6 protein chains.
Amino acid sequence: MRIHLVNPNTTASMTEKAAAAARAVAAPATQILARTSTMGPASIEGFYDDALALPGLMEAIAAAEGEGVDAHIIACFDDTGLDAARALAHAPVVGIGEAAFHLASLVGHSFGVVTTLRRSVPVIEANLARYGLAARCAKVRASEVAVLELEDPASDARARISAEIGRAVAQDHADAIVLGCAGMADLARALGAEHGVPVVDGVAAAVGLAEALVRAGLRTGKSGPYAAPRAKPYAGLLAGFSPR
Amino acid sequence: MRIHLVNPNTTASMTEKAAAAARAVAAPATQILARTSTMGPASIEGFYDDALALPGLMEAIAAAEGEGVDAHIIACFDDTGLDAARALAHAPVVGIGEAAFHLASLVGHSFGVVTTLRRSVPVIEANLARYGLAARCAKVRASEVAVLELEDPASDARARISAEIGRAVAQDHADAIVLGCAGMADLARALGAEHGVPVVDGVAAAVGLAEALVRAGLRTGKSGPYAAPRAKPYAGLLAGFSPR
Amino acid sequence: MRIHLVNPNTTASMTEKAAAAARAVAAPATQILARTSTMGPASIEGFYDDALALPGLMEAIAAAEGEGVDAHIIACFDDTGLDAARALAHAPVVGIGEAAFHLASLVGHSFGVVTTLRRSVPVIEANLARYGLAARCAKVRASEVAVLELEDPASDARARISAEIGRAVAQDHADAIVLGCAGMADLARALGAEHGVPVVDGVAAAVGLAEALVRAGLRTGKSGPYAAPRAKPYAGLLAGFSPR
Amino acid sequence: MRIHLVNPNTTASMTEKAAAAARAVAAPATQILARTSTMGPASIEGFYDDALALPGLMEAIAAAEGEGVDAHIIACFDDTGLDAARALAHAPVVGIGEAAFHLASLVGHSFGVVTTLRRSVPVIEANLARYGLAARCAKVRASEVAVLELEDPASDARARISAEIGRAVAQDHADAIVLGCAGMADLARALGAEHGVPVVDGVAAAVGLAEALVRAGLRTGKSGPYAAPRAKPYAGLLAGFSPR
Amino acid sequence: MRIHLVNPNTTASMTEKAAAAARAVAAPATQILARTSTMGPASIEGFYDDALALPGLMEAIAAAEGEGVDAHIIACFDDTGLDAARALAHAPVVGIGEAAFHLASLVGHSFGVVTTLRRSVPVIEANLARYGLAARCAKVRASEVAVLELEDPASDARARISAEIGRAVAQDHADAIVLGCAGMADLARALGAEHGVPVVDGVAAAVGLAEALVRAGLRTGKSGPYAAPRAKPYAGLLAGFSPR
Amino acid sequence: MRIHLVNPNTTASMTEKAAAAARAVAAPATQILARTSTMGPASIEGFYDDALALPGLMEAIAAAEGEGVDAHIIACFDDTGLDAARALAHAPVVGIGEAAFHLASLVGHSFGVVTTLRRSVPVIEANLARYGLAARCAKVRASEVAVLELEDPASDARARISAEIGRAVAQDHADAIVLGCAGMADLARALGAEHGVPVVDGVAAAVGLAEALVRAGLRTGKSGPYAAPRAKPYAGLLAGFSPR
């Protein structure tokens, strides 16, 4: 099985970290094909970055489709471009945010989310509402760790995230924790052991869900809003994205 | 007062129709500056078109901000890029979809929406849920009229839309109707008279709301997720979109 | 355009303050006809006052309809009698509470409400739920300022309201504020400047929405629950209110 | 135990029918004191009638409080004035609409409501939402029987109501039925036997709930929005309603 | 009228306390038949106890049906086995949890629940959601008093429960309180007097609701999911439970 | 990896069919340990069967825990006893109903469920609400095929299920289908091909999710309501189930 993992921002070190997390949990026969977006923002923090990450993501999905992958994983916790990717691809698509929420729902009665900056909280809350899982989430908490700080070994990012997990368990009564950024993928197991609570990393979760979909022979339904884009002209800088 | 109306698709005839609808209801002192996107899809029908319309929309918003407009209107019923535009702009931003839903809530106890293709229905339903107004909407109905058919005077588009309005009133007990496409802006008054029910066009609604915001001195709050984008490098084809 | 603004309580100084706030934002050609209720409570604080304010409100709406106004504004933040007024009137009707919630939804991702007494909080929460906008509201806060204290220049009402706005921004992460009483109409701009957050006054909001409805040619839909009252006898003290 | 049953419309024959239904189910020691409103509409059909029924209702509640009753029942299915009555009274207050919904929730998994005119449906739906019981209700159906037709033995009202019950069971899968008008109180048992499904009359339900509250020593909580009205002047026609 | 009150745990002292609470509020002609489960857990604290309490509860319901009772009350605040009991019985069934929530909805605008251990909170919250009454509940609070401590006169259980009621009123603005355990039935009146707020005991509430159902001639609807169990073989230890 | 699949009814042929479906999708290194309940109902159709299936299920979970399995799958679409199993087990537990809903959410925008008898519909709807996924489900449809008919090759069960899938796609606009019974596990792939829509079998879905949880190192959180049962005496027929 070949799974395409795409990082929709342009920071290659984050792609590598996510790919490593994916390979650590993948079944022996699963191959992880990792790709970094070639255009747009270096990290996705808020609505504007999110909007400008979409063309690079679509380009990556189209390229991987051409290579005949079995599934796609979007390795950004905001699930950037998930619906558009499902419309474009034939293979199933899993976002790491939704993946984490779904698995957390299976090991916790009420899960907490610990993410990076406060400005990401409403994006995550909106996704939870859209997926239907808002009622399963006790609270979305911000650690005020910026995405690129996670790439800096000298920062105190881990300590701040751990403190926020402690508050989620003690104050919000969360009995499972979701780490709300692809850049936190390497912290999940250690933080879980430290707090005695299941800690879900979205990358690992998405690999498991993608494998589950492929083994069960399930692909995105095309009879509704995920139908292939209608052929039409695209203009200007983006003319190359026109659906045939 | 100067209001920037941006059509996020690249079809100039739709921009002209929307601009005419805007000017027809604007206050005497209000100036409508209409702009057509320079890149991306010729019409927005589904998630993929929506994703690729965002860079052109952001470019237009940034250009109008540079000209010092008082408010922006996004003239696509899907409210494409609304959150990103609010983060980017200093002036307030109104989407024609949300505008129509808000005004319909003031004249109807339960409004119906009549849109173009079935594949747009889930997008509109998701927007209604996101805005909190889903419970105010009786049903979103598709007329199966494609967006560009609305530009063709020989089509039977108007008759099919009228028939769907009739069903919304009789079967769904809607007591107000929202027309679910910018390209239907010229039909609202006549259809309202025909059916004896208020029929809301989003362009007219958005002009009224933009004027209301400006007169009340209200701009987008910047203390939460609509904070200005953080400065960071953007790569590749989209390097020019990098926030300073 | 002639807009009827009715204060459903009997305190004329509140009517004057609301009329001034309305005139400050109305378009040049808009005329504000202000009217104070002739019967019932001097201020509306809770369910009982609300119930007894309705006949006076209906009398005022009927009188203004006779004068051929283009729209009605109910200048009580509880939106007292809104549904009944819509049934009675041919012209559209806007409540200042709903108006403020709708405009706040356009400039904030999540708005807070700062009102007078704690006992008003459940009324406002119920209205938010009824309008569908509860999910857009972070929290309704009481300043414990009584309505008539707002008419007393010597009170510390403004300071207490300002403190509560500070808590709404810092603790509830509200990025827009709604002032929850018609008597606060004169405070909105200054408090907005002080806190760096959009502060919405319902009176100004309602004027903008009423103008928007009239310019767009929209009136209340009469095919559903806002149908005109059925002719029937009324008895006793209220015999004069009988629908013809 | 003395229970005050007030009909908030002015039609005495409906009061008598409701009082008879109440006495038929009351415990032997329970005394039903029935009272007809002295002012306002002859029947309550829609928002305007509802608004003008409130003063007469408040007058009746106050009179009965003076007589020292143990509980009040508001015998209109719209639960007209329920919140205001709770604020005014010391004794507990039960609306026949809410009473029917609560009991139907105990005998059915999903109940249906069959009411009079279509225009009443949104009122009932709003009440269900407000009480939290909307999810327990399969559908609110209108029989298009006007309230006063129920007082006319020659009408085919009973047959139309029965047909609508049949549709609620067959099409909506309701396993309990609520009759949505005080004037239907005499039909419940026979229609239940006819359809083999529990049919709940609000008057009978309210008597049982009022008795339950009194026996359990429960009165309306006064620490929140049901606090007694604040003393303040009332003006004009309604000056007599001023809270002391 | 004969009402069967079944304690689904095996602790007879709790049955006696609940029976006493029931008899204290029952109408003179009502007979309370109390029964303790003969199998399963000594107290029900969490999902596992709940699951193993069901056979004993079903045995008790079947036995009482054989004796021709008019109604059943399940005297466990978790409403253990409520749906299964409704399917099995011909007489109506009332759970003390749901009974308390329904009556609290009639005397409070927003009620609080004070229960035993924190682990019971999610069970109660799930029930509130299932019944539709979650929005009526301000908060479910745990006093951290274990069920069997309530049977020990030397414990400080009452003081801890009282303190939690104080917090529910002051912090959550609850204007009615539900005691969340059958073992607290003897405390309701005194705590209500102490705090000046209605305090609802589920046992008393259930007796009132059962009497109300019986007097109104209402039994569980059998046309939906409460249909009698289909005849089929049961195996092993539970073979005796097979529906005929 | 060793996954315990337990059929909570006592029909061994259904266990075998589910085990075959599980093995067909499991990763090469995954071992499926299938077990049939030794006590209770031969099939689970409604609340009473569900209640009496719980002891047998708990016995099976405890036995498999003793054998050191890595995960448990409950092979009944009602997710019978899921919460109790999570409290009892150390290994993670997945219900086939929830598994199907979660995977269907990843391949469809709005999924439909096709189950056996109408009486199962409310059980499934309640589960969807409890999991938070109700808004993702277009409709739960009954094929009126009884569970044990699925074991009879001569029945027309498959045709009736297929017809219902057709209606879910055409009328409810479902773009993914969930088969609502473990006994339908062998039909998913063929029905998916026939209708051109993803058809999710809960057994296959549960295997994928269990593998995903185990690979990601995730077990049920024990800090909340899934804490191990408290030690206490159990009486009578069920004394053997007492938690140590």
Quiz item: Given the residues C:Ala182, C:Ala188, which is the only one that is buried (at least 24 other Cβ atoms within 10 Å of the Cβ), under 26 Å from B:Arg136 (Cα atoms) and assigned by TED's automatic domain parsing to the domain that holds C:His102?
Solution: C:Ala182
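Please indicate, with yes or no, whether at least one residue in the range E:54-73 is without any contact (Cβ under 8 Å) to a residue 24 or more places away in the chain and acidic (Asp, Glu).
For the range E:54-73, residues without any contact (Cβ under 8 Å) to a residue 24 or more places away in the chain and acidic (Asp, Glu): absent.
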Self-check item: Number of the exception - C:Ser13 against (1) polar (S, T, N, Q); (2) surrounded by fewer than 24 Cβ atoms within 10 Å (Cβ to Cβ); (3) in contact with a strand residue (DSSP E or B) (Cβ under 9 Å, 6 or more places away or on another chain)
Solution: (3)
Quiz item: Within the range A:143-157, is even one residue within 13 Å of chain F (Cβ to nearest Cβ) and not small (Gly, Ala, Ser)?
Solution: no
Quiz item: Looking at the range A:98-126, which of the residues that are among the charged types (D, E, K, R) and within 12 Å of chain B (Cβ to nearest Cβ) is nearest to the chain's Cα centre (by Cα)?
Solution: A:Glu125
Practice problem: Within the range B:121-152, track down each residue that is touching a helix residue (DSSP H, G or I) at 6+ places or on another chain (Cβ under 6 Å), assigned to a helix (DSSP H, G or I) and small (Gly, Ala, Ser). | Solution: B:Ala134
Practice problem: Give me the pairs, please: first residue somewhere in the range C:80-93 and at the interface with chain D (Cβ under 9 Å from one of its Cβ atoms), second residue anywhere and in a loop (DSSP other than H, G, I, E, B) and of a type in the set (S, T, N, Q), beta-carbon distance under 8 Å, and either six or more positions apart or on two chains. | Solution: C:Arg86/C:Thr220
Practice problem: Look through the range E:146-204, keep the residues that are hydrophobic (A, V, I, L, M, F, W, C) and over 20 Å from E:Phe111 (Cβ atoms), and return whichever of them is farthest from the chain's Cα centre (by Cα). | Solution: E:Ala154
Practice problem: Can you work out which of the residues in the range A:197-240 that are more than 28 Å from F:His195 (Cβ to Cβ) and either more than 7 Å from every other protein chain (Cβ to nearest Cβ) or acidic (Asp, Glu) (or both) is surrounded by the fewest Cβ atoms within 10 Å (Cβ to Cβ)? | Solution: A:Gly240
Exercise. For the range F:69-87, state whether one or more residues are part of a loop (DSSP other than H, G, I, E, B), modelled with pLDDT of 95 or more, touching a His at 6+ places or on another chain (Cβ under 7 Å) and within 30 Å of B:Ala126 (Cα to Cα).
Key: no
Quiz item: Which number in (1) more than 30 Å from D:Ala174 (Cβ to Cβ); (2) within 9 Å of chain D (Cβ to nearest Cβ); (3) outside any loop (DSSP other than H, G, I, E, B) marks the one condition that E:Ala174 misses?
Solution: (3)
Quiz item: Looking at C:Ser105, is it in a helix (DSSP H, G or I), touching a residue at least 12 places away in the same chain (Cβ under 8 Å) and out of contact with any helix residue (DSSP H, G or I) (no Cβ under 6 Å at 6 or more places or on another chain)?
Solution: no
Quiz item: Quick one: in the range F:16-31, which of the residues that are at the interface with another protein chain (Cβ under 10 Å from one of its Cβ atoms) and of a type outside the set (A, V, I, L, M) is surrounded by the most Cβ atoms within 10 Å (Cβ to Cβ)?
Solution: F:Thr30
Quiz item: Has the range B:153-166 got any residue that is of a type in the set (Lys, Arg), touching a residue at least 12 places away in the same chain (Cβ under 8 Å), closer than 16 Å to B:Arg118 by Cα and out of contact with any helix residue (DSSP H, G or I) (no Cβ under 6 Å at 6 or more places or on another chain)?
Solution: yes
Self-check item: Criterion: aliphatic (A, V, I, L, M), more than 13 Å from every other protein chain (Cβ to nearest Cβ) and over 19 Å from C:Thr80 (Cβ atoms) - qualifying residue of C:Ala163, C:Ala138, C:Ala190, C:Ala182
Solution: C:Ala163
Quiz item: Conditions: (1) under 27 Å from B:Arg136 (Cα atoms); (2) among the basic types (Lys, Arg); (3) in a helix (DSSP H, G or I). C:Arg167 meets all but one. Number of the miss?
Solution: (1)
Practice problem: Please work out which one of (1) in a helix (DSSP H, G or I); (2) of a type outside the set (D, E, K, R); (3) surrounded by 24 or more Cβ atoms within 10 Å (Cβ to Cβ); (4) away from chain A (no Cβ under 13 Å) is the condition B:Ala63 fails and give its number. | Solution: (3)
Exercise. Please indicate, with yes or no, whether at least one residue in the range F:79-90 is over 22 Å from F:Arg244 (Cα atoms) and touching a helix residue (DSSP H, G or I) at 6+ places or on another chain (Cβ under 8 Å).
Key: yes
Practice problem: State whether the residues of the range D:35-43 include one that is in contact (Cβ under 8 Å) with a residue 24 or more places away in the chain, closer than 30 Å to E:Pro225 by Cα and more than 10 Å from chain C (Cβ to nearest Cβ). | Solution: no
Quiz item: Applying the selection to the range E:77-134, what residues are hydroxyl-bearing (Ser, Thr, Tyr), surrounded by 24 or more Cβ atoms within 10 Å (Cβ to Cβ) and closer than 19 Å to E:Leu52 by Cβ?
Solution: E:Thr80, E:Thr116
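Determine, yes or no, whether F:Ala51 is within 11 Å of chain E (Cβ to nearest Cβ), in a helix (DSSP H, G or I) and within 18 Å of E:Pro229 (Cβ to Cβ).
yes
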Exercise. May I ask you to verify whether F:Ala228 is in contact (Cβ under 8 Å) with a residue 40 or more places away in the chain and not assigned by TED's automatic domain parsing to the domain that holds F:Cys76?
Key: no
Quiz item: How many of the residues in the range C:190-244 are of a type in the set (A, V, I, L, M, F, W, C) and assigned to a helix (DSSP H, G or I)?
Solution: 17
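The values are calculated or read from the model by the stated rules, or taken from the named source; none is laboratory data. Please read these numbers as outputs of a predicted model, since none were measured by experiment. Cβ atoms come from the backbone with ideal geometry, glycine included; neighbour counts cover every protein chain shown.
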